Each structure stands twice: as C-alpha cells, then as structure tokens.
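Working notes, structure below.
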Amino acid sequence: MKIYIVRHTAVGVNGVCYGQTDVPLKDTFEQEATIVKENLKGVPYDAIFSSPLSRARKLAEYCGYDNIQLYDRLKELHFGEWEMKEWDDIEMKEWETDWINKPAPKGESFKQMYDRVASFIDELKEADYKSVIIFAHGGVINCFKVYFGQTDLQGAFDNMPEYGQITEFEL
C-alpha cells in the first residue's frame, strides 16, 4: 500500500505551544493549499484520512476530497497544560531529560503519541487499500518515519517536514 501523508499548511500563531489546540491558519492558506492540491493531482487513492483538527481537515477539504475519515489518533502531540503558552514561559528542563517517555503536564509523551499513531498504521495493514492520502501534522509524520525505520524515537524531530509537504511511505 502506498501512503501519502500531507502536513497541514502554515499556522497563524507564532512562538506558542499549540499541539492539539485548534489554531487558525495563516492568511496564505489559499496559496499554500493550491500548491498542495496541484501536487496531489493524479495521485490515486482508495481512502482519505485526516486529523480532526481544522488545520489538517481544512486542507483535505480544500483539495476537493470528500468522505474524509477523521481519526483522533492522527492529532498532533498533546502538550496538556502547556497548550497555547509562550514557549519562553514554559519550564521544560525536567521534560527535556526524557521527552520520549515523560508526558507534558496533563498531556502525553512522544512515546504515547507514537503508540497511537502506530496503532493507526497497524490497522491500515489490515485494510485492502492500494493507496491512501492522510492529512496530519509534523509530529504524526515523524511517527510514521519512526515506524518505517527512517529514524528512531530520539531522532524523530531532527527533520521536521515543511508545511504542505507530502511524504510517501510504502506499507
């Protein structure tokens, strides 16, 4: 199965931790989304999946897809109490010692996020699709990279995909 996973376009917030918060998109959404739509033209698919967060779902809709299946497991990392706080105002020293296993206060660890994304991929294995398109987030795409052996958990955020980037995997 061919998997095309698309990172949402640029968000309209800067310098804040927004994980699972439903933040607005930049005013450049339409220009960015038009490029994504053009890049997806002709890509075959049997199913369309998306994070339910509007920044991913809105891009899927703009690209003209219907019957979009929304999955909470495709949401970005949940930063709990840190959501919508300025990065500079967050005390992260303890978390940074083991961010893979240690959750943000009232949030989740990267390992917890990876496990939920991996369970989604495991379910895809059982499906009879030849090709799917997924609209999601940078952290989710990095979980796919870990799952497919392109990096390990420690290096998952070394190469964050660009906004609107399409990454391909073979399952």
Restricting to segment 112-171, what's the tally of residues that are assigned to a loop (DSSP other than H, G, I, E, B), closer than 18 Å to S51 by Cα and not aliphatic (A, V, I, L, M)?
-> 6
Read through the list (1) farther than 18 Å from R116 by Cα; (2) modelled with pLDDT of 95 or more; (3) surrounded by fewer than 14 Cβ atoms within 10 Å (Cβ to Cβ), then give the number of the only condition that Q150 fails.
-> (3)
Among the residues of segment 9-50, how many are more than 18 Å from I166 (Cβ to Cβ) and in contact with an Asp or Glu (Cβ under 8 Å, 6 or more places away or on another chain)?
-> 9
Subset of segment 64-79 (residues that are without any contact (Cβ under 8 Å) to a residue 60 or more places away in the chain and more than 17 Å from the chain's Cα centre (by Cα)) = G64, D66, N67
Taking only pairs six or more apart or across chains, which ones have beta-carbon atoms under 6 Å, a first residue in segment 80-96 that is touching a residue at least 60 places away in the same chain (Cβ under 8 Å), and a second residue that is in a helix (DSSP H, G or I)?
-> I90/W82
On the given criteria, is N39 more than 24 Å from L153 (Cα to Cα), more than 13 Å from the chain's Cα centre (by Cα) and touching a residue at least 12 places away in the same chain (Cβ under 8 Å)?
-> yes
So which of E76, E81, E91 is in contact with a Lys or Arg (Cβ under 7 Å, 6 or more places away or on another chain), among the charged types (D, E, K, R) and under 18 Å from V16 (Cβ atoms)?
-> E81
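The values are calculated or read from the model by the stated rules, or taken from the named source; none is laboratory data. Predicted, not measured: the structure shown is a model, and the values here were computed from it. So basically every Cβ, Gly included, is an ideal-geometry build from the backbone, and we count neighbours across all protein chains shown.
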